[in-house]
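Chemist: Just dropping this structure here.
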Amino acid sequence: MADLTQTFDVLVAGGGNAALCAAITARQAGATVVLAEHAPRSMRGGNSRHTRNLRALHPGPTGVLTDSYLEEEYWDDLNRVTGGKTDEALARMCIRASQHAPGFLEQCGVVFQPSLSGTLSLSRTNAFFLGGGKALVNALYRTAERLGVVILYDTEVQHIEVQDGFATEAIVSHRGFPARLRFKAFVASSGGFQANREWLRKYWGDAADNFQIRGTPYAQGRILKDMLASGVQEVGDPTQFHAVANDARAPMEDGGLAMRLDCVPFAIVVNRNVERFYDEGQDVWPKRYAIWGRLIAQQPGQVAFAINDSQAQLNYLPPVFPPYRADSIAELAGMIGLDAAKLQKVVDDYNAAVRPGTFSAQTLDDCRTEGLEPPKSHWARRIDTPPYYCHPLKPGITFTFLSVKVNERARVMMADGKPSANMFASGEIMSGNILGQGYLAGFGMTIGTVFGRIAGEEAARAARN
C-alpha cells in the first residue's frame, strides 16, 4: 500500500509510453516517483496500447531498420505533412534524439522486429514493437515497478495547484476517493481530449457524435484544461487531430488500429452525396493516412465509401470486417444505400480519366487521372473487373493537437512567456508544439519517448534543487 502522505520528488500524470519514459528516467536519476494512471490496471497504457512502431533517425542499417534515414529527409517528411505548421527547433531536436529512442526502450525490455510486408511501407523508417503496443506497455511497467516507481491505478489527477508558475500539490481521485498528492516536480503526460465528446462538440458541433474514438476512453483532457486555466500557455489548433479512415462498423471507443482501413489509395472515395472530395492517391500512405479521418469528418453524416474492384484486393491489409461485395456497381450501390445512377456515373467518369501507367503499390507510380476533379495522382486503375467492393468509412480519432506550450527541455511555458519552475510535459498533451496539422506515421511515439525522457530528467533535476 503506497504512503500517499509522503512528498514525492516527481508526480507523473498519465500511464502511456510518454508517462512511463518520464517516470523511469526520473527514477533512474534518483528521484522518488509516483505515477498516477487514470485507468484500471487492465486498461493501463493510454493510446500506447494500440501503437505498433516508432519513427527513428538512423545513419545506417540496424537490426530492424533498413538503409538509412537522416535528419534532413526526416525533417522534410515532417515539414511536408504539417505544411510548415511546426516548431522547427523542437522538431529537429526531437528528430535528432529519436536515434537513441529504440535503444532506451530496449534497455527497458521492449523488443523490436522488422516491419512485415503489407504494412505502411515503413521498413526503412520505423521500428516495430514485437507484440505491439501492449507488449511495449507491459515491458515499461515491469521496468518502472522494478525500479521502485509507485504506480497508482484508478487514479485521476483532477487539479494541480499552481502559484506563480510553481505547482505545489495535486487533487486526485484515488479509487473513487478524493486525495492530495504532494511533490516537488510535476510531469503532465495525460494525453489530449479526444475522448471528451462535449469538448469536441465545441469545435465540431453534433458531427462529433459520429467520431469513433480509436484509443483509450480515459483521454478526457482534464489536466490539459486545468493547466490552461491555471495560466499555462496554449499552443496548437483545437480543431486539428490525428484521425484516420476507420471502418464505419468499428466500435465507437477503443477499437484500436485494427479498425483502420488502408484501402483508400487503391480505391475511389465518395461521400453520402456520391461525390468524390479528395485525391485518394496524393502521396504515399504513411504521409496521408492520418488526414483522411478529418476529411471524412467534414463530409455529410461523417461517412464515406471506398469503392474498388477485384484488382485491388491484395494491395492492402485485409480488414477485420469484410467489405460489401457485388457483381455490378448498381448492385453495390443498393447494398450501401447510395444512388446507383450517380455512383455508376462517378465510376464511369473516373474510368474515362484514367491514363495508362505502370502500377506499383509501394511507390509513387505514374498511374494517374487526367481532366478529373479532384484528380487521383497515383495508383489510378480502371474500376472495371468484378466483383466490386465497398468499405464504409468513418473518422477514427487518435489524439487532439491542442496542447500546453513547452521548451526544448520539456518545461511548461506560462502565458506570460516565462518557463514554469517545476512543471514539465511529454506526449500527446504537448504534441501540438510540433504537429500543427497532419501526421507522420510513428512520430507520436517518437515525441512521447523523446520528451518523456527529457521531462523525467529535468523533473528529477528540479526536485533536487
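The values are calculated or read from the model by the stated rules, or taken from the named source; none is laboratory data. This structure is a prediction, so every number in the text was calculated from the model and none was measured. Here Cβ is always computed from backbone atoms with ideal geometry, including for glycine, and neighbour counts include all displayed protein chains. These area figures cover heavy atoms from the full protein model, side chains too; ligands, DNA and RNA do not enter into them. Shrake-Rupley method; radii C 1.70, N 1.55, O 1.52, S 1.80 Å.
Chemist: What pairs in LYS85/LYS418; LYS287/LYS394; LYS85/LYS287; LYS225/LYS405; LYS134/LYS202 have C-alpha atoms more than 21 Å from each other?
Modeler: Violating the 21 Å limit, Cα to Cα: LYS85/LYS418; LYS134/LYS202.
Chemist: Something else now. Over all alpha-carbon pairs in the stretch 64-191, figure out the percentage whose distance exceeds 18 Å.
Modeler: The proportion of pairs with Cα distances above 18 Å equals 70 percent.
Chemist: Right, another one. Along the charge dipole of the chain, pointing to its positive end and built from +1/-1 on Cβ of Lys, Arg, Asp and Glu, which listed residue (CYS108, MET252, VAL264) has its Cα farthest out?
Modeler: Ranked along the dipole, the leading option is CYS108.
Chemist: Which value, in nm² and rounded to one decimal, describes the direction-averaged projected area of the C-alpha convex hull of the stretch 151-212?
Modeler: Mean shadow area of the hull around the Cα atoms is 6.0 nm².
Chemist: Mind listing the phi-derived Karplus ³J(HN,Hα) values for the stretch 416-426, rounded to whole Hz, using 6.51, -1.76 and 1.60 with θ = phi - 60°, and x for any glycine or proline?
Modeler: With coefficients 6.51, -1.76 and 1.60, one gets 7, x, 9, x, 5, 6, 8, 10, 9, 8, 8 Hz.
Chemist: Once Lys and Arg get +1 and Asp and Glu get -1 on their Cβ, which of PRO178, HIS58, GLN437 lies farthest toward the positive end of the dipole of the chain?
Modeler: Positive-most Cα among the choices belongs to PRO178.
Chemist: Which values of log₁₀ I(q)/I(0), to two decimal places, follow from the Debye formula for the stretch 210-367 at q = 0.10, 0.12, 0.14, 0.17 Å⁻¹ with a uniform point scatterer at every Cα?
Modeler: -0.44, -0.61, -0.79, -1.10
Chemist: Summing -39500 (n - 2.57) over the DSSP H runs of n ≥ 4 in the chain and dividing by its residue number, what mean residue ellipticity at 222 nm do you reach, to the nearest 500 deg cm²/dmol?
Modeler: Helix-only estimate at 222 nm: -8000 deg cm²/dmol.
Chemist: Still on this structure, I have one more. Which net charge results for the neighbourhood of THR398, defined as the other residues with beta-carbon distances under 10 angstrom from its beta-carbon, given Lys and Arg at +1 and Asp and Glu at -1?
Modeler: Spelling it out: positives minus negatives among the neighbours equals +1.
Chemist: I would also like to ask the following. Debye sum, Cα scatterers, the stretch 416-465, no solvent: what log₁₀ I/I(0) at q = 0.27 1/Å?
Modeler: Those come out to -1.03, one per q.
Chemist: Additional query: Hey, can you find the accessible area per residue of the stretch 1-104 for me, probe 1.4 Å, expressed in square angstrom?
Modeler: I get 37 Å² per residue for this part.
Chemist: Moving on. Kindly identify the stretch 117-243 as rounded, prolate or oblate by the Cα gyration tensor criterion: order the square roots of the eigenvalues as a ≥ b ≥ c, call it rounded if a/c is under 1.5, otherwise compare a/b with b/c, prolate if a/b is larger, else oblate.
Modeler: oblate
Chemist: May I pose another question? For the chain, what is the Kirkwood estimate of the hydrodynamic radius, computed as the reciprocal of the mean inverse distance between distinct Cα atoms, to one decimal in Å?
Modeler: Answer for the chain: a Kirkwood hydrodynamic radius of 22.8 Å.
Chemist: In percent, how large is the relative contact order of the stretch 299-439, given Cα pairs closer than 8 Å and 6 or more residues apart?
Modeler: Computed over the stretch 299-439, the figure is 25 percent.
Chemist: What is the dipole size for the chain, taken about its Cα centre, with +1 at each Lys and Arg Cβ and -1 at each Asp and Glu Cβ, in debye to the nearest 20?
Modeler: Computed charge dipole of the chain: roughly 920 debye.
Chemist: Residues with beta-carbon under 13 Å from that of THR155, excluding THR155: net charge, scoring Lys, Arg +1 and Asp, Glu -1?
Modeler: Value of the local net charge: +2.
Chemist: Now for a different question. Checking a compactness column here: for the stretch 286-441, what do you get for Rg(Cα) / (2.2 N^0.38 Å), N being the number of residues?
Modeler: That works out to 1.42 for the stretch 286-441.
Chemist: Enumerate the aspartates and glutamates that LYS345 could reach by cross-link, defined here as Cα to Cα under 19 Å, with residues fewer than 8 away along the same chain left out.
Modeler: Answer for LYS345, where 19 Å is the Cα cut-off: GLU275, ASP279, GLU280, ASP309, ASP327, GLU331, GLU370, GLU373, ASP384, listed by chain and number.
Chemist: Another one. Percent relative contact order of the stretch 99-236, based on C-alpha pairs within less than 8 angstrom and at least six residues apart?
Modeler: Relative contact order of the stretch 99-236: 15 percent.
Chemist: Moving to a separate point now. Quick check for you: with a 1.4 Å probe and neighbouring chains kept, what is the accessible area per residue of the stretch 272-339, in Å²?
Modeler: 42 Å²
Chemist: So, one more: When the accessible area of the stretch 313-443 is split by element with a 1.4 Å probe, what percent falls to carbon and sulfur?
Modeler: The nonpolar share, carbon plus sulfur, comes to 54 percent.
Chemist: Something else about it: Which of ASN138, VAL157, LEU122 sits farthest toward the positive end of the charge dipole of the stretch 111-169, with +1 on the Cβ of Lys and Arg and -1 on the Cβ of Asp and Glu?
Modeler: After comparing all options, I get LEU122.
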